[in-house]
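Trainee: Let me give you the structure first, and then I'll get to my questions.
The values are calculated or read from the model by the stated rules, or taken from the named source; none is laboratory data. Predicted, not measured: the structure shown is a model, and the values here were computed from it. All Cβ positions, even for glycine, are placed from backbone atoms using ideal geometry, and neighbour counts span all protein chains on display. Please note that ligands, DNA and RNA were not included when accessible areas were found on the heavy atoms of the full protein model with its side chains. Shrake-Rupley method; radii C 1.70, N 1.55, O 1.52, S 1.80 Å.
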Amino acid sequence: MEERYDPKKVEPKWQKYWAEKNLFKTSTDESLKKFYCLEMFPYPSGKIHMGHVRNYAIGDVIARYKRMRGFSVLHPMGWDSFGLPAENAAIKHGVHPSKWTYENISYMKAQLNKLGLSYDWDREVTTCSPDYYRWNQWFFIKMLEKGLAYRKSSYVNWCPSCATVLANEQVIDSKCWRCDSVVVQKQLDQWFLRITHYAEELLAACDELKGWPEKVVVMQKNWIGKSRGAEVVFRVDGVDEDIRIFTTRPDTLFGATFICLSPPHRLAKRLVEDKAELEKITAHYGKIDEKIGLFTGHYAINPMNGEKIPIYVANFVLMEYGTGAIMSVPAHDQRDFEFAGKYGLPIRTVIKPENSAIAQKSGSAEGDTPEGSAEVQKINSTEGNTPPQSTSAVADFRTSELQSAFEDEGVLIDSGSFSGMKSADAKEAIIGYIEDKGLGRGVVNYKLRDWGISRQRYWGTPIPVVYCERCGIVPVPEKDLPVILPEDVKFTGKGGSPLHESATFLDVACPTCGGKARRETDTMDTFVDSSWYFMRYCIEKNDPAIGSKLTAKSAELEYWMPVDQYIGGVEHAVLHLLYSRFFTRVLRDLGITSCSEPFTNLLTQGMVIKDGAKMSKSKGNVVDPDYLIDRYGSDTSRLFSLFAAPPERDLDWSDKGVEGAFRFLSRLWNIVYGNLSRLKETGAQPLDKQAMSGISAAGKALVRKTHQTIKKVTYDIEKEYHFNTAIAALMELVNEMTSFEAKGPEDDRILRFAVEQALLLISPFTPHLAEELWSCLGNDPCILERRWPEWDEELAREEEIELVIQVNGKLRGKTMVPLGLSDEEIKKLALEDPKIKEIIGAGNIRKVIVVKGRLVNIVVG
RNA sequence: GCCGGUGUGGUGGAACAGGCAGACGCGCCGGACUCAAAAUCCGGUUGGGGCAACCCAGUGAGAGUUCGAUUCUCUCCACCGGCACCA
């Protein structure tokens, strides 16, 4: 046993061997069932971090496991390589973003290979390569043709520090997701993708995402934010204008006592005389400080009752949601209530609680015991649905001394012919009424807004349009794609895109009239790149027929899509994952794929935590994967990151835990090398049931444990990918092998069987070690091409079980019993147990419950 | 505020689908080996009580359903995450 476990010898050897054998090449055997396993591709920031190691270790186990189960597996990797850090590096260090990016890619690729990840590099995707981004441009032009891409001037989120526009999804707490600067609103001409066209479909299909974490589905639903309501037209008194408002509470229309316009609303400018005052309000637009308003001096007519109500401009009304104008019902909306209080506007109650008495009581019942309020409920329900009307209760709801708005639904009062209706019915009835009279209509609104993709940045996909002095916006013809990002630019960091400096890029002849034109200098949001990269992987990197395969249906895309298992961080719950669902539908409607939903199963892995915080450079609590691999090897690094926690949970880093993982692998290594000559001599013979007769009890036990482990590891991987418990089971088996003393050739055979099964089972987790030990036993290498082991239910079964005896649910005894006793026999055994007899004593046995193979519970009264 | 998640030893985490709570790992304690240490190996390790066989308590708190609850139901508490002027 001279040979010690030294990953530095083992790991490079096998990495080289696999590469030479081209072992990770994607199978083209389309008769096999396919499995597309994908991990979110990294941004090439320089070096991989522990989060990557964890993410890719999870994916690699799945990919290797599925392959051993006989699937044809697609397991690719690539680089999300456009983005701001490259440009910042250019400004700071004077390196061209391209050089910086490709150097990082090459370093990180070597790191991934050192981890022994089973990627097919013939499908590598690099988004900053013209071969890739030309398709961004092609899709964009198709979307332009279909009206799914458009240009409009709008208020946008502007990060002053990054000097660029941000998507709503990139604004977190009014701050830039990248640099934390406070985002301001700025009016700009921008390109948008019409994701709202798919709002309803994206929402409805959320319910089909059975393989996604509930949490992510809920986040997507909330983000899309569907609400039903009505659009109602209010005439402006004395001015030939209409104000369209959106409300989800048409049942409160009679309670509207004023109107609020968003500051950018067209009519705000038209109706307000004092422009300086309007400016003040506009300055506070989009800020969450105080709510301020400005009376326009004009009135609107409530179409329901003809009443004249004042029109205000208010900073809190969003232009982007609904119509940019709201009706205010202070009695039934807390925000309106506060606004009305501040500006002395009337409050009119038009909804009362369905059961005023309850409201009164529960209002005063604060601090009551749960029993107390249950009683109130009970009394009310026995009273039926016509409780005595408390006149004072109604009066309370009408006074102007309300403490807060009553926001619940209820029964309409003071609402003309609709009085007495319940809110739900009244909504329908009022919508019907306004539709009949042409005063408005029922509508559905979404929080989801179109995706602004223009970025005033260099390192991204050029948006393929030109601006012609005569023809206006002209898309670049397909034959002229790709529009190549020029390299001859300067990085000053002085704001504005460096593309403005590139004359060769900027000046162009109009494709339509040949006249003078200027190229679009904005580039695309990098989230465009990642919205379809999973489809690009389906076709080999250098496939010459790529053009026909990405513009129409291809066998490759039809075979591989959708992704069967997607793995990545939860931080993309609404950004990348929603955009990808949108893009997949666009490509479907362009006839490129028949797939609507890109990711069948999604696993969102937890963060890597150390000392109570997420590992990050700024916190100074990072563990460098290079160091870890150098010290313990990749197998140990992979094993620990899979063992310390189930994949979806946060992983608490522990240096000691890593050592534990290394110790475990060393023990397995020592079992093989410590018994190598005998294990080799005995050879790999099948160990079936016939061979089992006449072997030692210890041998039988080890065979049993081996079969049990195969079963457990298989179950744990199949069900929820609980690798931590799978590894624990393997540790148990190794512990049992360690204490197993082989006393003859029969036992050697058994040990060899156990070892080989363990190596097959552990190979997806620690492929180098498995491969090394597998081949040193004299087996052919490439364990990945072996079949996953199967267990024999009969050999896995225990011969005896430990019967637990309970009395009144409390554990009172245990006894070994043979398998397969009848309930009656078990009952008898338990009742005859002297200790149990004593405990029961003179008690009266009321009932005996037998749970097969587990326990018996004696109920004594 | 709304939505979602989590809560188990000293610690990371186990416990099929209501049936022995604490698998496996880490740490700690004891032992072997060693002049000694490290490494390795063996044993122990929820708390309290008892010489002991055993007994009592115990999965954030409180109730409920059940022969039996970490698991199901309700209320509450704490922490984490997401959204947040969306009319």
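Trainee: What shape does segment A:86-173 take by its C-alpha gyration tensor, where a ≥ b ≥ c are the square roots of the eigenvalues and a/c under 1.5 counts as rounded, a/b above b/c as prolate, and the rest as oblate? Before the final figure, lay out the partial values.
Mentor: On the way: a/c = 2.21, a/b = 1.41, b/c = 1.56.
Taking the square roots of the gyration eigenvalues as a ≥ b ≥ c, segment A:86-173 is oblate.
Trainee: Which residues' amide hydrogens lie under 5 Å from the amide hydrogen of A:Tyr36, considering only partners 5 or more residues apart or on another chain, with H built in the peptide plane?
Mentor: The answer is A:Leu74, A:Asp564, A:Gln565.
Trainee: In chain A, if every C-alpha pair distance is counted and binned at 10 Å from zero, what percent goes to each bin?
Mentor: The percentages, shortest bin first, are 2, 10, 15, 17, 16, 14, 12, 8, 4, 1, 0.
Trainee: Now for a different question. Heavy atoms of the protein only, probe of 1.4 Å, neighbouring chains included. What is the accessible area of A:Leu590 in Å², nearest 10?
Mentor: Rounded to the nearest 10, the figure is 40 Å².
Trainee: In terms of the Cα gyration tensor, with a ≥ b ≥ c the square roots of its eigenvalues, is segment A:61-208 rounded because a/c is under 1.5, prolate because a/b exceeds b/c, or oblate?
Mentor: Values: a/c = 1.95, a/b = 1.30, b/c = 1.50.
Oblate.
Trainee: Among the aspartates and glutamates, which have Cα under 13 Å from the Cα of A:Lys516 when same-chain residues fewer than 8 positions away are ignored?
Mentor: A:Glu469, A:Asp507
Trainee: With only Lys, Arg, Asp and Glu charged, each at its Cβ (+1 for the first two, -1 for the last two), find how big the charge dipole of segment A:702-784 is about the Cα centre; round to the nearest 20 debye.
Mentor: Values: 8 positive and 13 negative charges, 51 e Å.
That gives segment A:702-784 a dipole magnitude of about 240 debye.
Trainee: Run through the DSSP bridge list for chain A and note the antiparallel percent, rounded to the nearest 5.
Mentor: Bridges in chain A are about 75 percent antiparallel.
Trainee: Would you mind working out the magnitude of the charge dipole of segment A:120-209 relative to its Cα centre, with +1 at each Lys and Arg C-beta and -1 at each Asp and Glu C-beta, to the nearest 20 Debye?
Mentor: Details: 10 positive and 13 negative charges, 126 e Å.
The dipole magnitude comes to about 600 debye.
Trainee: Follow-up. In 10 Å bins starting at 0, how do the alpha-carbon pair distances of segment A:594-668 split up by percent?
Mentor: All Cα pairs, binned at 10 Å, distribute as 17, 42, 25, 12, 4, 0 percent.
Trainee: Which net charge results for the neighbourhood of A:Ser654, defined as the other residues with beta-carbon distances under 11 angstrom from its beta-carbon, given Lys and Arg at +1 and Asp and Glu at -1?
Mentor: Working: positive: A:Lys610, A:Lys656; negative: A:Asp611, A:Asp652, A:Asp655, A:Glu659.
Overall, the nearby charge balance is -2.
Trainee: Let me ask something else. Which entries in the list A:Lys619/A:Lys656; A:Lys152/A:Lys447; A:Lys92/A:Lys614 go over 24 Å, if you measure between the two C-alpha atoms of each?
Mentor: Values: A:Lys619/A:Lys656 21 Å; A:Lys152/A:Lys447 19 Å; A:Lys92/A:Lys614 27 Å.
Too far apart for the 24 Å limit: A:Lys92/A:Lys614.
Trainee: Have a look at A:Ile453, A:Leu271, A:Tyr433 and report the one farthest towards the positive end of the charge dipole of chain A, computed about the Cα centre with Cβ charges (Lys/Arg +1, Asp/Glu -1).
Mentor: Sorting the options by dipole projection puts first A:Ile453.
Trainee: Of A:Met219, A:Met327, A:Met731, which has the most accessible area and how do the rest follow, probe 1.4 Å?
Mentor: Numbers: A:Met219 75, A:Met327 15, A:Met731 35 Å².
Listed by decreasing accessible area, they come as A:Met219, A:Met731, A:Met327.
Trainee: Hey, another quick one. Quick check: net charge around A:Leu642, other residues with Cβ under 10 Å of its Cβ, Lys/Arg +1 and Asp/Glu -1?
Mentor: Numbers: positive: A:Arg54, A:Arg638; negative: A:Asp60.
Surrounding charge for A:Leu642 is +1.
Trainee: Let me spell out the model: positive unit charges on the Cβ of Lys and Arg, negative unit charges on the Cβ of Asp and Glu, origin at the Cα centre of chain A. What dipole size does that give, in debye rounded to 20? Write out the running numbers ahead of the final one.
Mentor: Values: 110 positive and 119 negative charges, 185 e Å.
Computed about the Cα centre, the dipole is about 880 debye.
Trainee: For segment A:721-726, in order, what is each residue's ³J(HN,Hα) by Karplus, 6.51 cos²θ - 1.76 cosθ + 1.60 with θ = phi - 60°, in whole Hz (x at glycine and Pro)?
Mentor: Computed from phi, the couplings for segment A:721-726 are 6, 8, 5, 4, 6, 4 Hz.
Trainee: Out of residues 5 or more away from A:Val623 or on other chains, whose amide H comes under 5 Å of its own, with H placed 1.01 Å from N in the peptide plane?
Mentor: A:Met50
Trainee: Farthest toward the dipole's positive end in chain A, which of A:Ile463, A:Cys260, A:Ala552, given Cβ charges of +1 (Lys, Arg) and -1 (Asp, Glu) about the Cα centre?
Mentor: A:Ile463
Trainee: Among the listed pairs A:Lys210/A:Lys712; A:Lys146/A:Lys541; A:Lys109/A:Lys617, which are separated by more than 23 Å between their Cα atoms?
Mentor: Values: A:Lys210/A:Lys712 25 Å; A:Lys146/A:Lys541 29 Å; A:Lys109/A:Lys617 21 Å.
Result: A:Lys210/A:Lys712; A:Lys146/A:Lys541 exceed 23 Å.
Trainee: Considering only A:Val443, A:His768, A:Pro250, whose Cα is most displaced toward the positive end of the charge dipole of chain A, charges sitting on Cβ of Lys, Arg (+1) and Asp, Glu (-1)?
Mentor: A:His768
Trainee: Search the structure for amide H atoms under 5 Å from the amide H of A:Val443, placed 1.01 Å from N in the peptide plane, and list their residues when 5 or more places away or on another chain.
Mentor: HN-HN under 5 Å from A:Val443: A:Gly229, A:Ala230, A:Glu231.
Trainee: Is the C-alpha gyration tensor of segment A:707-861 telling us rounded, prolate or oblate? Criteria: a/c under 1.5 is rounded; beyond that, a/b larger than b/c is prolate, otherwise oblate.
Mentor: Details: a/c = 3.55, a/b = 2.55, b/c = 1.39.
Here segment A:707-861 falls in the prolate category.
Trainee: Something else now. Given the pairs A:Lys34/A:Lys66; A:Lys142/A:Lys221; A:Lys186/A:Lys269, which span a C-alpha to C-alpha distance of over 20 angstrom in this model? Numbers along the way, then the final one.
Mentor: Numbers: A:Lys34/A:Lys66 9 Å; A:Lys142/A:Lys221 28 Å; A:Lys186/A:Lys269 18 Å.
Result: A:Lys142/A:Lys221 exceed 20 Å.
Trainee: Further, regarding this structure: So how exposed is A:Cys510, as accessible area in Å² (1.4 Å probe, rounded to 10)?
Mentor: 10
Trainee: Okay, next question. Where a Cα-Cα gap under 19 Å defines reach, which lysines qualify for A:Lys352, not counting those fewer than 8 residues away within the same chain?
Mentor: Cα-Cα hits under 19 Å: A:Lys361, A:Lys422, A:Lys427.
Trainee: Give me the lysines in straight-line cross-link reach of A:Lys810: C-alpha distance below 19 Å, same-chain residues under 8 apart excluded.
Mentor: The qualifying lysines are A:Lys827, A:Lys828, A:Lys835, A:Lys837, A:Lys847, A:Lys852.
Trainee: Want the number for A:Tyr559 to A:Asp543: 0.36 nm per residue separation, take away the alpha-carbon distance, what's left?
Mentor: Details: separation 16, 0.36 × 16 = 5.76 nm, distance 1.62 nm.
Taking 0.36 nm per residue and subtracting the Cα distance, the gain is 4.1 nm.
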